[in-house]
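Okay, structure first, notes after.
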Amino acid sequence: MNSIDKAFETQLSNIQKRTDKTLDELFELIKNSGFEKHGEIRDFLKNEFHLGFGDANTLAQVYKKAQEPPAESSGAITNKVDEIYSGSRESLRPLHDAVMNAFAQLGDFEISPKKTYLSLRRKKQFAMVGPGTKGRLEIEINMKDIPATERLVEQPPGGMCQYKVWLTDEPEVNEELLGWIKTAYDSAG
């Protein structure tokens with residue numbers, strides 16, 4: 001166990017001692033509070049148990065992480081991708097598959113299907129892939145301090161990703177795109 005993991009475990013142990021509650025008991029109290037947003041849960045823990053900001057924030061993060069559904073099986077992901085690329089978007093499926101095959105060369109990452117796109121995550125999200133407008137595949141990339149180009153379009157502040165790239169053909173899955181994705185992948189993990 002590295003020193004960060006050890007510090008994290010010590011912090012959780014200290015929270016349980018301070019509150020005289022197990023994590024399961026704390027999670028049940030959070031659940032019964034009716035609060036769902038991270039900030040609401042953190043503030044509830046600060047007020048209810050007089051925890052400091054750091055402890056309340058960590059406990060809120062651990063609770064929210066525990067509420068996430070388990071990673072989906074590859075069969076479930078395939079079914080969701082089939083659904084996303086049905087109807088008028090069906091023609092984008094080969095391009096989507098080419099992108100995902102290229103991205104798989106980066107290493108391990110989690111694929112989290114959403115309603116209209118796939119979220120690609122390591123410790124945090126590094127990209128989103130899904131059908132876009134005008135018959136294009138849309139790739140949103142989460143990275144910072146990269147100069148925008150005509151192809152790499154900077155997005156307004158406050159969004160989930162800082163850049164967007166549209167693809168219409170497999171040759172566009174090239175070294176330039178993979179370089180941007182690798183930058184985002186490396187910073188997410």
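What follows is calculated from the coordinates using simple rules that are stated; it is not laboratory data. Since the structure is predicted, the reported quantities are computational estimates derived from the model, not experimental observations. Cβ: placed from backbone, ideal geometry, glycine included. Neighbour counts: every protein chain shown.
Here are the numbers for this structure:
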item	result
Relative contact order (%) - the chain, alpha-carbon pairs under 8 angstrom, separation at least six	14 percent
Computed [θ] at 222 nm, deg cm²/dmol, the chain (DSSP H ≥ 4; -39,500 (n - 2.57); rounded to nearest 500)	-15500 deg cm²/dmol
Sparsely packed trypsin sites (Lys or Arg not before Pro) within segment 99-186, loop by DSSP, other Cβ within 10 Å at most 13	LYS114, LYS115, LYS123, LYS124, LYS134, LYS144
Pairwise Lys count, segment 44-189 - Cα closer than 13 Å, eight or more residues apart or different chains	6
Diffusion coefficient, µm² s⁻¹, Stokes-Einstein with Kirkwood Rh over alpha-carbon pairs of the chain at 20 °C and 1.002 mPa s	113 µm²/s
Computed P(r) (all Cα pairs; segment 3-67; 5 Å bins; percent)	3, 19, 33, 28, 12, 4, 0
Trypsin sites (Lys or Arg not before Pro) lying in DSSP loop within segment 29-62, provided at most 15 other Cβ fall within 10 Å	LYS37
Using a Förster distance of 41 Å, the FRET efficiency for SER187-ASN14 (Cβ separation, nearest 0.05)	0.85
Choice from ASP82, ASP55, ASP169 with maximal GNM fluctuation in the chain (Cα, 10 Å cutoff)	ASP55
Contour excess over end-to-end distance, with Cα ends at TRP166 and PHE27 and 0.36 nm allotted per residue	45.8 nm
For the chain, built as a Gaussian network whose Cα springs stay under 10 Å, the top-fluctuating residue of ILE141, ILE15, ILE77	ILE15
